[in-house]
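The values are calculated or read from the model by the stated rules, or taken from the named source; none is laboratory data. Remember, it's a predicted structure, so these values are computed and weren't measured experimentally. A quick note on method: Cβ atoms are made from the backbone with ideal geometry, for glycine too, and the neighbour counts reach across all protein chains shown. In case anyone asks, the SASA skips ligands and DNA or RNA and just uses the protein heavy atoms, side chains included. Shrake-Rupley method; radii C 1.70, N 1.55, O 1.52, S 1.80 Å.
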Amino acid sequence: MSRAKGNIAEAKAASFLLDQNFKIVEQNYYAKKLGEIDIIACKDDVYHFVEVKSGESFEAIYNITPSKIQKIIKSIEYYLKVKNLDVSYCIDAIIISNDDIDFI
């Protein structure tokens, strides 16, 4: 996926989260040599680390591989350490296919 298409998908995902009463904390957070977290959001004192994938079908979810999940986990650990946070959190995915949004 091109960076431009990725930016459009991430903007749609952020808008979706805002509509669901999430607060967007950061977008495109780069953890040194570990990876990127597409969206960091917060709702009800829980941080949500969101991976955004888009494509022409729900099958875009298959781009979230075990190695990608490990990079996300390491990036989250780095983020929490750098920000000195001790918070509840979860890892979510937003899959955008055409005009459908699935929040997992």
Does residue 94 qualify as being among the aliphatic types (A, V, I, L, M) and surrounded by 14 or more Cβ atoms within 10 Å (Cβ to Cβ)? yes
State which residue pairs qualify: first residue among the aromatic types (Phe, Trp, Tyr) and inside region 71-94, second residue part of a helix (DSSP H, G or I) and at pLDDT 95 or above in any location, beta carbons under 8 Å apart, and separation of 6 or more residues or different chains. 89/76; 89/80
Considering residues of region 34-84 that are loosely packed, with under 12 Cβ neighbours inside 10 Å and among the hydroxyl-bearing types (Ser, Thr, Tyr) only, the residue modelled with the lowest pLDDT: 57
Considering residues of region 1-33 that are touching a residue at least 40 places away in the same chain (Cβ under 8 Å), open to solvent by less than 50 Å² (accessible area, probe 1.4 Å) and not in a helix (DSSP H, G or I) only, the residue nearest to residue 71 (Cα to Cα): 31
